[in-house]
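Notes to accompany the following structure.
Where a number appears in this text, it was derived from the coordinates with a stated rule and is not lab data. Note that this is a predicted model, so its numbers are computed, not measured. FYI the Cβ positions are ideal-geometry reconstructions off the backbone, even for glycines, and counts take in every protein chain you see.
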Amino acid sequence: MTTLQRQEPSPNPSRPVRAGKSRLHVGRWRRVREFGIESALFLAAFSAVLITTGIVLLLLIESSRFFYRRMEYIILPPPAVQADAVKAEELAGRIETALTEGSGAIHAQIEVIVRTLDAGPDGTARREIAVHVPKEAREGTERVLAAEAEAQSLIMDHDRTRVRPNISEFLFTTRWAPEFRDPRYGVLPLVSGTITITLVALLVALPVGTTAAIYLSEYANHRVREAMKPILELLSAVPTVVYGYFALTFVTPLLQHFIPGLPGFNMLGAGLVMGVMIIPYVSSLSEDAMQAVPMSLREGSFAMGATRMQTSLRVVVPASFSGITAAYILGISRAIGETMVVAIAAGLQREFTFDPTRESATITSYIVQVAGGDLPHGSTEYQAIFAAGLMLFLMTLAFNILGAYLRKKYRQAY
Amino acid sequence: MTNENLKALIARRKTLDWVFATVGVLSVLVGLATLSALMVKLAMDARHRAFVPRGTVALAKGPLSPDDQAWEMRKLSGDALRVLLTDDKLRSTLLDVGQMIDIPRLKREAQAGTLQKLIEENRWGEVLRADNVRQLISEKRTGRLVNPDRFVPESRVRELQEDPRTGELLDLEAIGTMSPGDGLKVMFNRLNLVANAKVPEGAGRSILQRWIADGDFENNLPRILNQRRIGSLIAEDRLGSFVERELVLARQRPKELNTAFFTTLRSSASPETAGILTAWVGSLCVIAVCMLAAVPVGVAAGIYLEEYAPKNRLTGLIEINIANLAGVPSIIYGLMALGLFVYLLHLGRSILTAGLTLGLLALPIVIMATREAIRAIPQNIREASYACGSTKWQTVRYHVLPYSSGGILTGSIIALSRAIGETAPILTIALVFVTNTPASSFGEYLSLKWLWSDFTALPLVMFNWTSQPEAEFRYNAALAGLVLIVMTLSLNATAIYLRYRLRKSIKW
């Protein structure tokens with residue numbers, strides 16, 4: 001405990017003690033320690049800001065690399081060179097010199113990078129060389145590279161020759177096919193999948209969740225409420241892979257029973273299960289908001305002769321509108337960002353469709369599908385998932401901001 | 001409004017009210033119904049893998065011996081076997097199953113529905129193991145193909161073997177020059193004749209017949225199948241019904257609890273012998289790292305925000321960020337793990353990376369729980385502590401934290417249960433087939449080398465198994481999912497119970 005250093009007693013006890021001298025004296029080391037502890041705690045709290053910044057920066061950087069308008073050629077050196085970092089660098093340098101002289105592009109615009117892949121099956125390192133040139137220098141580059149490949153017995157990986165996309169192609173075209181020889185980078189199919197599944201989920205979750213919340217807060221007595229709330233919380237405690245399994249093995253066959261011709265992977269089943277998954281988020285937040293409405297409002301309504309339904313729909317719900325909006329927005333964010341249910345049950349086809357009985361990939365299931373494979377760092381596929389992730393992050397952020405704005409606008413202080 | 005109109009209006013309103021209440025109850029029940037349907041479906045699928053025929057656990061522990069291959073025969077799907085045995089061509093040549101027939105191939109063909117085609121095209125020889133057949137022929141062990149040491153008395157065997165006509169009928173040399181399929185076919189047709197011609201009438205019920213009649217299969221089945229008595233069975237035309245009964249018994253065979261699921265290291269081989277030991281241990285290691293990362297930082301941040309933070313823009317910024325992080329989709333954490341931990345910091349696809357990623361995911365939850373717990377402590381306690389001359393940290397450390405530790409613990413457990421079930425963040429950084437536990441002995445755990453090893457986790461293997469096209473893996477996924485749900489729900493229940501107990505014991 002502190003050694004309480006008492007103030008020097010004033011010589012004349014009858015003289016009042018001056019204000020300002022009655023501070024607690026704390027030893028120097030303790031002050032240093034206190035400052036140190038407070039700084040440490042502050043850093044811990046500030047880490048949240050650092051994490052968010054880190055995420056945003058990473059997404060932005062990789063996406064900007066994705067959008068840089070260039071041709072990309074991939075060259076595989078012979079295995080002896082692949083295993084040796086020094087030789088690989090030398091080779092890269094030679095290629096760069098050759099390109100500077102022969103391809104028609106300025107030296108500053110040419111980029112030759114040695115990329116290390118994951119080790120091969122026998123443990124030796126594998127490297128590939130990526131060449132980036134502006135689109136205009138395409139023919140010259142291809143000529144030079146062909147000559148170099150002949151001379152040094154390199155292999156050009158033609159399947160991975162790419163034109164990097166630009167933003168308008170990314171945002172507005174409707175084919176997403178980065179792995180093909182003629183790659184297409186329109187993100188709209190993924191976005192349409194996300195939107196369709198979200199809509200189906202919301203169609204289930206919003207009505208059911210709000211009605212459940214109204215029932216629990218307005219109609220149910222205390223015992224029923226205490227019994228029902230844990231059950232709804234249990235719904236949110238189930239891991240999402242299990243929901244995905246459920247959607248694939250139970251819901252989809254059930255739906256196929258009612259809708260003949262439904263494919264095995266479809267957005268309807270995934271959307272329904274996701275809706276059920278979101279119900280707890282919507283209902284618990286709405287219910288908290290409704291509980292916060294003061295009883296006087298309800299009593300006034302009852303005094304006017306309204307039934308419980310009229311009271312809840314016309315008095316309580318509008319009064320708690322900001323909380324309910326917050327709940328809805330949370331549900332939407334969760335639905336947009338959900339990964340496992342869609343990855344398992346909604347399939348991996350990329351079509352621009354809003355028909356829930358079809359199979360479609362969403363942004364999240366695309367990221368899962370691609371990231372599960374072999375992704376060399378810096379390749380177009382690698383950067384494509386970051387671009388898709390940025391899209392997702394922006395969508396979620398937009399909804400969060402919208403939610404905060406709506407909440408502030410409709411907030412009622414009681 | 002007249003009285004009657006009013007009454008009607010009120011009645012209508014009351015009905016509507018009642019209807020609305022019912023709709024509300026139904027909404028809540030929707031959640032309950034889905035949850036129960038989910039659990040029931042999981043349990044029903046999992047029982048196929050949880051309760052397996054006796055002997056499968058032993059099977060899962062090691063490679064298949066030739067005796068075990070007879071077990072494999074029993075695990076063939078009933079339809080495949082029925083096709084095999086009721087078809088005259090095949091039945092007449094069925095012999096020593098364990099050695100002759102390529103069981104996995106047969107199973108594949110049967111399940112793919114191409115077995116019938118193979119038979120019709122007379123290519124059923126392709127499901128035979130050619131070299132085994134050739135070896136048997138060359139070792140002149142074909143005499144044992146009608147081994148009658150139980151059915152036909154020993155003397156009879158000698159008679160058969162010494163009968164020159166047997167040798168002539170068998171003509172082993174000629175058979176040896178044919179393709180194994182044809183040779184076998186010819187051989188058996190001829191042996192059939194021999195067996196048919198030679199088994200004496202009224203020789204008394206053979207032991208096999210007795211066994212069949214008594215239904216005493218359990219103990220005698222291995223012996224029955226390993227002894228190459230099929231010729232006699234064919235001769236007695238009992239083969240079809242024999243195997244039918246055997247199959248029925250196999251389905252009714254006493255089941256045992258599939259402990260191999262939890263103890264075997266294989267997770268990606270055949271569905272029946274796959275297990276979750278690596279995933280289980282991997283999950284535990286990852287969660288340990290996650291908690292070690294999230295709880296200290298989260299509690300510290302919560303303490304700062306509640307006790308120390310002034311009401312300025314910086315604090316507002318921090319709070320906004322925490323609220324934002326709580327809402328970020330978990331796959332974004334996975335992307336961040338990929339870009340930052342794996343490539344930028346060169347931590348590789350290891351347990352450390354996965355633990356840190358999940359720790360980031362759990363951080364906002366821990367922070368919010370800490371703040372709730374600290375907020376619940378009345379101001380008097382702090383003021384009393386300050387009045388005694390404590391500094392801020394002393395107040396926090398000796399007065400605030402002890403009272404809020406219950407809430408913090410509860411929040412950490414809830415964060416833990418959430419982190420266990422998360423797949424998306426670690427999917428991006430996981431390798432697909434990992435079959436070793438991070439460290440093989442306890443000593444290795446102490447040296448912390450396991451932090452850098454490859455990992456797999458329980459939700460990951462469940463995802464992998466669910467995505468397999470083979471339907472058998474779904475049972476594995478169901479059992480893994482059941483384990484996952486039980487873990488998550490019990491953790492949640494623990495947290496709720498702790499919260500209840502602590503709330504009761506603290507009286508302000």
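The local environment of residue A:365, defined by Cβ-Cβ distances under 11 Å, has a net charge of -1 under the rule Lys, Arg +1 and Asp, Glu -1. Placing +1 on the Cβ of every Lys and Arg and -1 on the Cβ of every Asp and Glu, with nothing else charged, gives segment A:25-73 a dipole about its Cα centre of roughly 220 debye.
Distance from the alpha carbon centroid of segment A:122-157 to that of segment A:345-414 works out to 34 angstrom.
Please name whichever of A:395, A:243, A:210 sits farthest to the positive end of the charge dipole of chain A, dipole taken about the Cα centre and charges placed at Cβ: Lys and Arg +1, Asp and Glu -1. Value computed over the given set: A:210.
Of the complete DSSP H runs in chain A, those spanning 15 angstrom or more by Cα along the long axis with a mean Kyte-Doolittle score not below -1.0 are A:28-67, A:85-102, A:138-152, A:188-214, A:222-237, A:267-291, A:321-337, A:380-410. The Cβ shell under 12 Å around residue A:211 holds other residues with a net charge of -2, Lys and Arg each +1, Asp and Glu each -1. Under 5 Å from the amide H of residue A:127 lie the amide H atoms of A:117, each residue being 5 or more positions distant or on a separate chain, with H modelled from the backbone and absent for Pro and chain starts. Rounded to the nearest 20, the Cβ-based charge dipole of chain A about its Cα centre (Lys and Arg +1, Asp and Glu -1) stands at 2720 debye.
Distance from the C-alpha centroid of segment B:326-402 to that of segment B:452-508: 22 Å, rounded to the whole angstrom.
Going by a ≥ b ≥ c, the root eigenvalues of the Cα gyration tensor, does segment B:308-396 fall in the rounded group (a/c under 1.5), the prolate group (a/b larger than b/c) or the oblate group? Taking the square roots of the gyration eigenvalues as a ≥ b ≥ c, segment B:308-396 is prolate. Starting from the Cα gyration tensor of chain A, take the square roots of the eigenvalues, sort them a ≥ b ≥ c, and report rounded, prolate or oblate (rounded when a/c is under 1.5, otherwise prolate if a/b is larger than b/c, else oblate). Verdict is oblate for chain A. In segment B:339-496, a dipole from Cβ-located charges (positive for Lys and Arg, negative for Asp and Glu) runs towards its positive end, and of B:469, B:364, B:394 it is B:394 whose Cα lies farthest in that direction.
Basic side chains Lys and Arg get +1 at the Cβ, acidic Asp and Glu get -1 at the Cβ, and with that the dipole of segment A:277-414 about its Cα centre reaches some 740 debye. When the Cα positions of A:328, A:296, A:312 are compared along the charge dipole of segment A:292-414, A:296 comes out farthest toward the positive end, with charges on each C-beta of Lys, Arg, Asp and Glu.
Only DSSP H runs of four or more residues enter the estimate; each adds -39500 (n - 2.57), and after division by the residues of chain A the mean residue ellipticity at 222 nm equals -19000 deg cm²/dmol.
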